[in-house]
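What follows is a short report on a single structure.
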There are 2 protein chains.
Amino acid sequence: MKTDLLITNICLPGNQGEDPLVADCCIAVGEDMIQQIGPATDFKNIEAAAVLDGRNQLAMPGLINTHCHGAMTLFRGLADDLELVRWLNDYIFPAEAANVSEDMVYWCTKLAAAEMIMSGTTTVADGYFFEHDAARAFADAGMRAVAAQGVIDFPAPGVPDPADNIIAAEEFINHWQNQNPLITPAVFAHSPYTCSNATLQRAKKLARDTNVSLFIHVAESKAEPDMIGNMQGTSPVKHLDALGILDPATVCVHCVWTDEEDLDILAARGAKAVVCPQSHLKLASGISPLASMLAKGIQVGLGTDGAASNNGLDMFREMDICAKVQKIKSLDPVAVPAADIMQAATVGGAEVIGMQGKTGALKAGMQADIILINLDTPHLQPMHGIDLLVYAADGRDVQTVLINGKLIMLERKLLSFDLPETMQHVRRLADTIKRHG
Amino acid sequence: MKTDLLITNICLPGNQGEDPLVADCCIAVGEDMIQQIGPATDFKNIEAAAVLDGRNQLAMPGLINTHCHGAMTLFRGLADDLELVRWLNDYIFPAEAANVSEDMVYWCTKLAAAEMIMSGTTTVADGYFFEHDAARAFADAGMRAVAAQGVIDFPAPGVPDPADNIIAAEEFINHWQNQNPLITPAVFAHSPYTCSNATLQRAKKLARDTNVSLFIHVAESKAEPDMIGNMQGTSPVKHLDALGILDPATVCVHCVWTDEEDLDILAARGAKAVVCPQSHLKLASGISPLASMLAKGIQVGLGTDGAASNNGLDMFREMDICAKVQKIKSLDPVAVPAADIMQAATVGGAEVIGMQGKTGALKAGMQADIILINLDTPHLQPMHGIDLLVYAADGRDVQTVLINGKLIMLERKLLSFDLPETMQHVRRLADTIKRHG
């Protein structure tokens, strides 16, 4: 067999109940795909154009961050420890009004891509203003992304007249569909409280007509069900369901303030959910009912949200905190075991964003989105079980990253673009914010 | 001025309300002390035996982990996602009974020291069985430690007859007091439910007579106030107060299940508290009333607890989760701002363990316990404020560590001992556990 890249001497995670690690494995990568994966003894007569020695490293699928606003890295730590309304009205909204531009979105999204790649995330579902420039940034960074153009019934950067918001989304989809193997376009309807019923239905119709996912923030803070209750006489989820918005290609982000009935509706419609535990903590939104979601068979992804409310984009840390916080919600240390969290961050996350069978697992025939983790480090000793990847590993343990078959990071060195240049651009933009006061 | 080591081109944290970073600073280290620290322009006629270029790095005081059982790294991830009673009775206690030895404590504590040093912790308050070997490990690792000999009314590794527990503690203190500048002995009375009233009072008398701290686990899980209520007719804190145990040299670890009256007592006695947020989450113990503690003026430290219930010893991660979880406790994003958490992990932690004026701050005349953090990394861009060290930094950002004036880690390379040898010993011990089933 001919292969472009052969990863040798690598460990793979063992099956549940067996040894945590299977040593002496190989992965053959041909073009953008995993050709073969398994024990080295099964690899015979391989003609490899390049060999990568994976000694003392574990291979796992690249993580999938199912909710991010990449460009918000610019506002990382700009306004910590504040109430949500003050955070938005006094800091984030004015900072966005003054600073969001094509240039800002491109560079700050590229910084987010660097941070995510360097912590083992190979696919992200992103949504922001000027999403065209976010998509360009992810493409240039060599990172797989679902890029969702925002739809909101307010004047927004790039779409000054809200009457144009669906047209802008349509143009965005037309541009990016089948344009770059790394970029999948989508629509992001901001929320049930910032989009009219007509806008929500038009956004979903556009998504259906073009066969893309519809993302929407739903029931993030306690204020939202109160507001929707007053305006629509029902819960946010029931409101969306009544509008015909919920189906398997709708991704409901947050879902913190949902009850059993809401979750039954999501499950019945096959709609997807995304939880962002660190953002939910930092903004004091609450703790999502993840255990109930999983019990009802809802497919759940894990997301970091934007860096302004987290303040990092490391999915390993997100997994750890997600698992721990679920235990405190119920005062039950058995709640949502590590394996379920890992599932949400990998193969489950892929399904949430419509990439099942494509990424999120290491199998022959899947896209080669692979991360190699350094096992030779004190905080991963000893390795009694693979749960350690959830409870003790850290994005900084990721040594090497392949996305779509390409080496994007090797031994912690980002290969796909000039990181110092990107950091310099972001610092330049950040200095402007300070000057604006 | 003559100095042993001059750190140049370093950033220091700015004062509250000013720029987050002060660039172009220097630190002069002479023997074990900080001789001078401040703007480079203030450093004149310095004759330095060695110079360390701190370009693109921030100096801060080494972090203080006020509660750890270092040797429990052996059990890291051995038993995740389990109820506390099953976790203890079916996994941890049998594993301890079968595996805890002088050899195990030495090597597994040394691994813990490596993990802590490599994530920026320079001082730890540790307590375990065979604490003599833990103290040896910290001393050999070059790490500052309060090493507390355990006292419990059960047969324990190293003290098979509980009647000897106070004598063993006394011998331990006599051996280590003024023996090594890095090691401060102390007593660790396990808890109000595993120590009789007489044992608690004898442990405190020994601590008072020898002028050392008394540590004790208090009110960790909900079961404990119920148990003490049944046995003593009062709360754990009130029980300890009635026994005369509480004073400024008593450190009450956990304090999750304490009410306002309990906290008023701790404040009135000047007793110290330690919170271990990740352990409290993972074992589903609860969320400590940190905001109330601070409001009452109780000096609080932050601890990782042992690696079996965390599963890591990174104090940066602990700070982040502590801040976020406090917000969810009260659904108040303003609760316990980042600066308070940083205080607990540095200068406040020093006071908790009786090292005020010695470590926990960067000032001339303090011991030189200094960490240098790499600022040139995507997840720390941009730096709008120093809170980013709590919400976004990671132990792996620490590049260089000085403890007691000695270079212990340089550019992520541990200098004080042979880390591969230590990891090999721990893996050997871990393999034995697996064989024992």
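Bear in mind that the values in this text are calculations on the coordinates, not laboratory data. Everything numeric in this text was worked out from a predicted model, so none of it was measured. Here the Cβ positions follow ideal geometry from the backbone for every residue, glycine too, while neighbour counts run over all protein chains shown.
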Computed E for B:A242/B:H175 - FRET, C-beta separation, R0 41 angstrom, nearest 0.05: 0.80
FRET efficiency for B:D19 and B:L415, using Cβ-Cβ distance with R0 set to 35 Å, rounded to 0.05: 0.60
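Which entries in the list A:K406/B:K282; B:K110/B:K204; B:K110/B:K272; A:K363/B:K110; A:K272/B:K222; A:K329/B:K363 go over 31 Å, if you measure between the two C-alpha atoms of each? Could you put the intermediate results ahead of the total?
Working: A:K406/B:K282 37 Å; B:K110/B:K204 29 Å; B:K110/B:K272 27 Å; A:K363/B:K110 39 Å; A:K272/B:K222 36 Å; A:K329/B:K363 42 Å.
Table pairs above 31 Å Cα-Cα are A:K406/B:K282; A:K363/B:K110; A:K272/B:K222; A:K329/B:K363.
Given 20 °C and 1.002 mPa s, compute D for segment B:1-51 with the Stokes-Einstein relation, Rh being the Kirkwood radius over Cα pairs; round to the nearest whole µm²/s. Write out the running numbers ahead of the final one.
Values: Rh = 11.3 Å.
Estimated via Stokes-Einstein, D reaches 190 µm²/s.
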Report, for B:G17, each distance to the same residue's label point in the other copies, shortest first and in nm; define the point 7 Å along Cα→Cβ. 6.4
Report, largest value first, the span of the C-alpha coordinates of segment A:197-354 along each principal axis, in whole Å. 42, 33, 31
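Could you give me D for segment B:291-405, from Stokes-Einstein at 4 °C and 1.567 mPa s, where the hydrodynamic radius is the Kirkwood radius over C-alpha pairs? Units µm² s⁻¹, please.
Details: Rh = 15.3 Å.
Translational diffusion coefficient: 85 µm²/s.
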Set Lys and Arg Cβ to +1 and Asp and Glu Cβ to -1, take the dipole of the protein assembly as shown about its Cα centre, and tell me which of B:M383, A:F129, A:T66 lies farthest positive. B:M383
With each label point set 7 Å from Cα along the Cα-Cβ vector, what nm distance links A:A97 and B:K2? 6.4 nm
Students often get this wrong: which residues of segment A:378-419 have the backbone nitrogen under 20 Å from the point 7 angstrom along Cα-to-C-beta of A:A50? A:398-419
Out of B:S221, B:V100, B:N211 - ranked by how far each Cα lies towards the positive end of the dipole of segment B:63-352, with unit charges on the beta-carbon of charged residues - the top one is B:N211
So which residue of B has the beta-carbon closest to the axis that swings B onto A, and how many whole Å away? B:R396, 2
Taking each pair of distinct Cα atoms in segment B:87-164 once, what is the resulting Kirkwood hydrodynamic radius in Å? 13.2 Å
Considering only C-alpha atoms, what is the centroid distance from segment B:97-111 to segment A:101-115, in Å? 48 Å
List the residues, sorted by chain then number, that are 5 or more residues from A:N9 or on another chain and whose placed amide H is less than 5 Å from its amide H. A:C25, A:G54
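How large is the charge dipole for segment A:94-202, taken about the Cα centre, if only the Cβ atoms of Lys, Arg (+1) and Asp, Glu (-1) carry charge, to the nearest 20 debye? Intermediate values should be presented prior to the final figure.
Working: 4 positive and 13 negative charges, 70 e Å.
Its charge dipole is roughly 340 debye.
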Signed unit charges on C-beta, dipole axis of segment A:63-352, positive-most listed residue A:P162, A:A145, A:G297: A:G297
Label geometry 7 Å along the beta-carbon vector: B:D53 inter-copy distances in nm: 3.0
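Evaluate the charge dipole of segment B:136-190 about its Cα centre and quote only its size in Debye, nearest 20, assuming +1 on the Cβ of each Lys and Arg and -1 on the Cβ of each Asp and Glu. Let's see the in-between values first.
Values: 2 positive and 6 negative charges, 65 e Å.
Charge dipole, segment B:136-190, about its Cα centre: 320 debye, nearest 20.
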Rounded to whole Hz and in sequence order, give me ³J(HN,Hα) for segment A:33-49 from the Karplus expression 6.51 cos²θ - 1.76 cosθ + 1.60, θ = phi - 60°, writing x for Gly and Pro. 10, 7, 7, 8, 8, x, x, 4, 5, 7, 9, 10, 6, 8, 10, 9, 5
In sequence order, calculated HN-Hα J values of segment B:354-362 (Karplus, 6.51, -1.76, 1.60; Hz; x Gly/Pro): x, 10, 4, x, 10, 9, x, 8, 9
Around A:F215, which amide H atoms from residues at least 5 apart in sequence, or from another chain, sit under 5 Å from its own amide H, with H modelled in the peptide plane? A:V187, A:F188, A:A189, A:V251
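As an exercise, take the mean of 1/r over every pair of distinct alpha carbons in segment B:246-294, invert it, and state the Kirkwood radius in angstroms. Display every interim value, and only then the final one.
On the way: mean 1/r = 0.0910 Å⁻¹.
Computed over segment B:246-294, the radius equals 11.0 Å.
Based on other C-beta atoms within 10 Å, arrange A:V22, A:V336 from fewest to most. Before the final figure, lay out each step's value.
Numbers: A:V22 16, A:V336 24.
If I rank by nearby Cβ atoms, fewest first, I get A:V22, A:V336.
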Tell me, what HN-Hα J-couplings in whole Hz come from the Karplus equation 6.51 cos²θ - 1.76 cosθ + 1.60 at θ = phi - 60° for each residue of segment A:406-418, using x for Gly and Pro? 9, 6, 9, 9, 10, 6, 6, 9, 6, 9, 7, 7, 8
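Counting every Cα pair in segment B:143-273, what percent are over 22 Å apart?
Values: 2918 of 8515 pairs.
Result: 34 percent of Cα pairs exceed 22 Å.
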What order, most packed first, do the peptides B:118-130, A:41-53, B:155-167, A:282-294 have when packing is the mean number of other Cβ atoms within 10 Å of each residue? B:118-130, A:282-294, B:155-167, A:41-53
The rounded separation in angstrom of the Cα centers of segment B:1-77 and segment A:336-365 is 43 Å
Percent of Cα-Cα pairs more than 34 Å apart in segment A:63-352, please. 11 percent
Between A:T432 and A:S330, what is the spin-label point distance in nm, taking each point 7 Å from the Cα along the Cα→C-beta axis? 4.8 nm
Normalise the Cα radius of gyration of the protein assembly as shown by 2.2 N^0.38 Å (N = residues in it) and let me know the number. 0.94
So what's the gap between the Cα centers of segment A:200-215 and segment B:128-178, to the nearest angstrom? 66 Å
Quick one: label points 7 angstrom along Cα→Cβ at A:A268, distances to the other copies in nm, smallest first? 5.8
Name the long-range amide H neighbours of B:T304: under 5 Å, sequence gap of 5 or more, or other chain; modelled H, no Pro or chain starts. B:T66, B:H67
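When N is the residue count of segment B:94-212, what does its C-alpha Rg come to as a fraction of 2.2 N^0.38 Å?
Taking the Cα Rg and dividing by 2.2 N^0.38 Å, one obtains 1.03.
Might you report the magnitude of the Cβ-based charge dipole of segment B:355-437 about its Cα centre, with Lys and Arg at +1 and Asp and Glu at -1, to the nearest 20 debye? All intermediate terms of the calculation are to be shown ahead of the outcome.
Numbers: 10 positive and 9 negative charges, 80 e Å.
Dipole about the Cα centre, nearest 20: 380 debye.
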